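Have a look at the structure below before the remarks.
Values in this text are rule-based calculations from the coordinates and carry no lab data. Just so it is clear, the model here is predicted, and its values are computed rather than measured. When we count neighbours, we look across all protein chains shown, and the Cβ atoms used for this are built from the backbone with ideal geometry, even at glycine.
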């Protein structure tokens, strides 16, 4: 599974403005709505689901990365948004470091396989320091998507 199979290229931001975990999640869910991956009326519900998941334990996995995720019947396929926070956000990460890279995943309620494969793929690619630094340094969204696409191909 490649990231671009579920990441909507229109739901990518290299300048996340939010400064709190909850606001970053809302900003990325709103990106999914603008990109047409979810219905605008479902934004609040999805934010609530993702924040409830965060309450169980932070999805800040360390090294400046967070992968907030949740399941809902509001989507029929796995969808994802991605954002870069230049300033970094406190995500209650395992290592206490601020999060700069946020991959948000929303899966259908009945899909365990694709959801877990996507989480594994993202975390595997983001273990590479050079890849993380390239994403953080990207100037614009097309560059961000190209970096992800190239890494996907390189590590297929």
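Look at 127, 73 and count the other Cβ atoms within 10 Å of each Cβ; fewest to most, that gives 73, 127.
Of the listed values (1) 9.0; (2) 11.5; (3) 7.9, grab the one calculated as mean projected area of the Cα convex hull in nm² from the structure here. Answer label, from the structure shown: (3). In the elastic network of the chain, a GNM with C-alpha springs shorter than 10 Å, the most mobile of 82, 103, 131 is 131. You can think of it this way: the chain between residue 109 and residue 15 has 30.8 nm of extra reach, that is 0.36 nm per residue less the Cα-Cα gap.
Ranking of 13, 80 by neighbouring Cβ atoms within 10 Å, starting from the fewest: 13, 80.
Over the range 116-156, the hull volume per residue, using the convex hull of the C-alpha atoms, is 63 Å³.
The label point for residue 56 and the one for residue 5, both projected 7 Å from the Cα toward the Cβ, are 2.3 nm apart. With R₀ set to 30 Å, the beta-carbon distance separating residue 22 from residue 136 gives a calculated FRET efficiency near 0.85. Multiplying the residue separation of residue 87 and residue 72 by 0.36 nm and subtracting their alpha-carbon distance yields 2.4 nm. Ranking of 143, 20, 76, 59 by neighbouring Cβ atoms within 10 Å, starting from the fewest: 76, 20, 143, 59.
Label-to-label distance, residue 155 versus residue 120, with points set 7 angstrom from Cα along the beta-carbon direction: 1.4 nm.
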